[in-house]
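In what follows, a structure is listed as structure tokens, so that the remarks can point back to it.
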Amino acid sequence: MKNLIKLGVFVLIVLGMWFYTKRVHTPQNQNEKVLVTVGAAQIKGFDPAQTDDVYSACEVAKIYEGLLGYHYLKRPYELVPNLAAALPTVSEDGCVYTFSIKEGIKFHDNTCFPAGQGRELVAEDFVYTIKRVADPKVQSPWFSMLAEKIQGLDAWRNKYAVVAQTDYTEAVAGLKAVDRYTLQFTLIRPWPQFPYILAMGFCYAVPHEAVQHYGAEFLNHPVGTGPFTLQAFNPQLNKLIYYKNPTFRDKRFPSEAAEAYQHLLADAGKKLPLVDKIITHILPEEQPRWLKFQQGTIDVADIASDSIAVEVVQGDRIAPRLQEKGIQLFLEPEQSTGLFVINNGHVLFKNNAKLRQALSLAFDEQRYNELFHKGTAVLAQSIIPPGLEGYQKDYTNPYKIHDLAKARKLLTAAGYPGGKGLPVITLDVHATTQHRQQGEFFKKCMERIGVKIKVVPNTFPELLKRIDQKMTMLHALSWSADYPDAEGFLCLLYHSDQSMGIGAYFNDPAYNALYEKAIVMQPSSERTKLYEQLNSMAAEHVPAIYSVHRPHPVLYHGWIKNYLWADCLYGTEQYINIDLEQKKALQAKF
Amino acid sequence: MNMYHYAIRRLLYAIPVLIGVTLVIFLLFNVVAGDPTLILLGKHATLQQMVELRHELGLDKSMLMQYCDTLKSAFTLNFGRSWATKQQIMQMIKGGAYASLTLSIPAFVLASLAAIAMALLAAFFRGKLLDRSLVVVSVIMMSISVLAYILFGQWVFAYKLGWFEIAGYEYGFPNFLPYIILPAIIWIVLSIGPDVRFYRTVVLDEVHQDYVRTARAKGLSNRIILFKHVLKNAMIPIITNLVIQVPSLILGALLIENFFGIPGLGNITLQAINNSDFPVIKAMTILSSMLYIIFNIITDVLYTLVDPRVKLK
């Protein structure tokens, strides 16, 4: 009897092990092109109107699309029609934008449509989408981008802010579906950035049937026109599986490219998307992401905010042990600016440019770059990052040359010789290890001229609250581009005493007047000159101490083709290809 | 006293506790925490939008009315939707609890059985090499940070040796099995140290009692003395220690879940705190206090089952 029990236990253990091994090593279809990516934060759902973080925006763009997009292989960014048949025609006064919509584009098949078959996209869908962003019941974080821009939209919003049910059939003067495929926007005043706004995620076309059918659960049931479909989003799952959209239109890989991307034209003219399936893992911790990438079970690893993985990046190369495995590095500067923002409304800094300039001169950005970015970041001279109109590569901010003697002189001129009489200045930072370290570095720099800094760590909501309530003296922030126009950065200093923005609370009449002149101008050399002038003013008035424009390193395996990363580009997975033969060969080296 | 009456009376006592908990969390959130509208509206927030959103969220109501809403949700268990993710909070909790429990139950059961067995052995061989070794190993295991176990375990056993999945999770049995083995082992290693020391002390208190000497004098075997007499009498502190851990099993293990990508309740709580997501923080706090109250009552009832001398009053 005892022997029988022992035998039974043994058989059970063997069966258990066999089952376990089978589960772990289930082979996938060898001919299927499966792209495996990873996200570092939870996805907030698939409602384009609510998506305000990069991680969710990346997922939404796999499913939904907008009227316009950016050319995948051209830099500086070039707007191209996406769901629109062509770029818009713009009226002479710059206020009326007319779009033709591509015919025959279908929404994904979904139970929200009759017989479960996706219907054709029409101009009215964009009218509905924009109204939905403005609907006070939806509380889209993006409405401020459209506020006081489109004729009648603010009045429509204000009306329904106090009415229980929003009526989407009520016409808005500036939003018109002229016919089934013609869409017209009428703006209150010229707004040259408008086409960029239409390329942003919150303007992606949403079918009203899905919103009505799923109600509050719409965010878990994405129904777009994009290259991939997702059955349903389960927020409890840390794994999303997208399939190639069988009804996707005939969209082709671009056949033109900027000089730097000529080598990415091998798939020119091929029908998109190029992969059959995408699996996206959500792993908030860096170590498992990094180990899975090295194991070859994740194809692409965005290591921009990582601290372990980034160690393998040496200048513009990666460690030889990774090169041997065929791993590739993509490294481009982000269109973002790191700042130690000065609260210019604070009694200490208001009307005391010399004090602000002294702090800026004492900050050693070269060392900062070496310590925190291994020297790969671009030193920031002012607020506009590289790649945007108004950025001058050769421009040097006279208050960004690390010069302690000059800083001490200016400090004396400001009324604080050797820092005497100056109270302890607080620097509020987000309470992550890296931000604290950056704060401590800033403190050390200032100590050299006798300025005492106290680093105050905060949770992110606390930090925002303190900035909003003007409780900070200095605070560390970074600002990234939403669209490729420097206006998105220059606006941060326009009458910023009246809105939070980056919390600079800066108000310079000359700057404000020049800004007002520049932002209504269509792109031109004249506008570029004004942008440059504004950028110089933003530098020399020192409303903030600019640190660096961060680099953005991404690692990907050798079998991944056509990969590139850029700030404003979303939904790029449709262009990625996988070389299955090379994958087999390279994986043998793991 | 009837057990049901006792349980009902204790549950009624829980009401003021719950009111106290909701009051503390409400005050903490409204006085100390950041403005949720800034988080929810993001970097383009305008003053008007913030005012509108405050109205939508009911934050412009009087403090008393807001607290009444909090109390109402605590008693109806209708926590609404998350401010940050807009997901149904009860759905989030159900999914999270499932994931947390698939990891914590097997780990907890195995760790407890192993710890009790080791404690009995250590107590039986008190002062001998085995006892000393077990104590030393327990202290060493307790002294190492949980993070060290996780990082080492992931790197060596999952990445280098490939025995386990590095991270991830899939719902449904047996799909989750490959993902929970390594985190469960780490959980067991983490728990065994303190548990062995605690249970050893409990058992040692018993082995010096007169009834053990009597049993020995009667010629009973060591196995019977330990498992039949000593263990039964040591059950009250053991049960207290075991049952009081149950709520934390449901509420998840924050670091282990986070590093292994297990979408449990620990993860949900952490994100809610980072986002000032008050409805989720509120739901998790109320849920945890309710669980602790319920499992305290269960502990009391279990005492009467293992020791007839204990009476419910």
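Just so it is clear, none of the values below were taken in a lab; they were calculated from the coordinates. These numbers were taken from a predicted model, which means no experiment stands behind them. Methodologically, a virtual Cβ is constructed for each residue, glycine included, from the backbone with ideal geometry; neighbour enumeration extends over all protein chains shown.
A Förster radius of 25 Å, combined with the Cβ-Cβ distance separating residue A:173 from residue A:516, puts the computed FRET efficiency at roughly 0.50. When A:92, A:286, A:540 are arranged by Cβ crowding within 10 Å, least crowded first, meaning fewest neighbours, the order is A:92, A:540, A:286. Using a cut-off of 20 Å between Cα atoms, the listed pairs A:354/A:409; A:102/A:176; A:137/B:94; A:44/B:94; A:406/A:444 include A:137/B:94 as exceeding that distance. Measuring r between the beta carbons of residue A:585 and residue A:252 and using R0 = 35 Å, the FRET efficiency lands at 0.75. Averaged over the residues of B:152-161, the number of partner chain Cβ atoms lying within 10 Å of the residue Cβ comes to 2. State whether the range A:336-549 is rounded, prolate or oblate according to the following rule on the C-alpha gyration tensor (a ≥ b ≥ c being the square roots of its eigenvalues): a/c under 1.5 gives rounded; otherwise a/b larger than b/c gives prolate, and the remaining case gives oblate. Taking the square roots of the gyration eigenvalues as a ≥ b ≥ c, the range A:336-549 is rounded.
Cross-link partners of residue A:589 among aspartates and glutamates, defined as those whose alpha carbon lies under 18 angstrom from its own and excluding same-chain residues fewer than eight positions apart: A:299, A:324, A:579, A:581. Rounded to the nearest whole Hz, the Karplus-based 3J(HN,Hα) values (6.51 cos²θ - 1.76 cosθ + 1.60, θ = phi - 60°) of the range B:161-170 follow the sequence 8, x, 6, 10, 5, 5, 6, x, 6, 9, with x at glycine and proline. Which of rounded, prolate or oblate describes the range A:89-157 when judged by the alpha-carbon gyration tensor and an a/c cut-off of 1.5? The shape class here is oblate. For chain B, complete DSSP H runs whose alpha carbons reach 27 Å or more along their own long axis and whose mean Kyte-Doolittle score is 0.0 or higher are B:3-27, B:89-124, B:177-207, B:278-306. With a Förster radius of 51 Å, plug the Cβ-Cβ distance of residue B:143 and residue A:404 into 1/(1 + (r/R0)^6) and report the FRET value to the nearest 0.05. That gives a FRET efficiency of 0.65.
Remark: relative contact order (the range A:336-549) = 37 percent; criterion is Cα-Cα distance under 8 angstrom and separation of 6 or more residues.
Put simply, the amide H of residue A:544, placed in the peptide plane, has neighbours under 5 Å in A:342, leaving out anything fewer than 5 places away on its chain. Screening chain A for DSSP H helices whose Cα atoms reach 20 Å or more along their own axis and whose mean Kyte hydropathy is at least 1.0 gives A:2-24. In percent, rounded to a whole number, the relative contact order of the range A:18-144 is 15, using alpha-carbon pairs under 8 Å and six or more apart. Taken about its Cα centre, the range A:336-549 carries a charge dipole of about 980 debye when Lys and Arg each add +1 at the Cβ and Asp and Glu each add -1 at the Cβ.
With an 8 Å Cα cut-off and a minimum separation of 6 or more residues, compute the relative contact order for the range B:190-313 in percent. The value is 22 percent. Exposure proxy ranking for B:38, A:411, based on other Cβ atoms within 10 angstrom of each Cβ and starting from the fewest, stands as B:38, A:411. How many angstrom lie between the Cα centre of the range A:334-356 and the Cα centre of the range A:449-517? With the range A:334-356 and the range A:449-517 each reduced to a Cα centre, they are spaced 8 Å. Taking the number of Cβ atoms within 10 Å of each Cβ as an exposure proxy, the fewest-first ranking of A:289, B:9, B:197 is B:9, B:197, A:289.
Rounded to the nearest 500, the 222 nm mean residue ellipticity of chain A from helices alone is -8500 deg cm²/dmol, with -39,500 (n - 2.57) taken per DSSP H run of at least 4 residues.
For residue A:105, the residues whose amide H sits under 5 Å from its own are A:121, ignoring neighbours fewer than 5 places away on the same chain, with H placed 1.01 Å from N. Pull up the cross-link candidates among the lysines for residue B:311, meaning alpha carbon to alpha carbon under 25 Å and not fewer than 8 places away within one chain. The reachable lysines, counting only those whose Cα sits under 25 Å from residue B:311, are B:228, B:232. Cα-based values for the range B:89-276, radius of gyration first and Dmax second, are 19.4, 65 Å. The helix-only estimate of mean residue ellipticity at 222 nm for chain B, built from DSSP H runs of length n ≥ 4 each weighted as -39500 (n - 2.57), is -22500 deg cm²/dmol after division by the residue total. Label-to-label distance for residue B:301 and residue A:213 is 4.6 nm, based on points extended 7 Å past Cα in the beta-carbon direction. Among the listed pairs A:149/B:61; A:270/A:561; A:74/A:251, those whose Cα-Cα separation exceeds 21 Å are A:149/B:61. Over the Cα atoms of the range A:222-374, the radius of gyration divided by the Kirkwood radius equals 1.09; this is the Rg/Rh ratio. A simple spin-label model places the labels of residue A:276 and residue A:311 3.9 nm from each other, with each point 7 Å out along Cα-to-Cβ. Springs between Cα atoms under 10 Å define the GNM used for chain B, and in it the highest mean-square fluctuation of B:267, B:175, B:233 occurs at B:175.
For the range B:1-126, what is the Kirkwood hydrodynamic radius in Å, using each pair of distinct C-alpha atoms?
The Cα-based Kirkwood calculation yields 19.0 Å.
By its C-alpha gyration tensor, with a ≥ b ≥ c as the square roots of the eigenvalues, how is chain A shaped: rounded for a/c under 1.5, else prolate for a/b larger than b/c, else oblate? Don't jump to the answer; show the numbers that get you there.
On the way: a/c = 1.80, a/b = 1.21, b/c = 1.49.
Oblate, since a/c reaches 1.5 and b/c is not below a/b.
Determine the percent antiparallel among the DSSP beta bridges restricted to the range A:336-549, to the nearest 5.
60
Simple point charges give the picture: +1 on the Cβ of Lys and Arg, -1 on the Cβ of Asp and Glu, and for the range A:476-590 a dipole about the Cα centre of about 600 debye. Here the spin labels are modelled as points 7 Å beyond Cα on the Cα-Cβ line, and at residue B:69 and residue B:113 they lie 4.9 nm apart.
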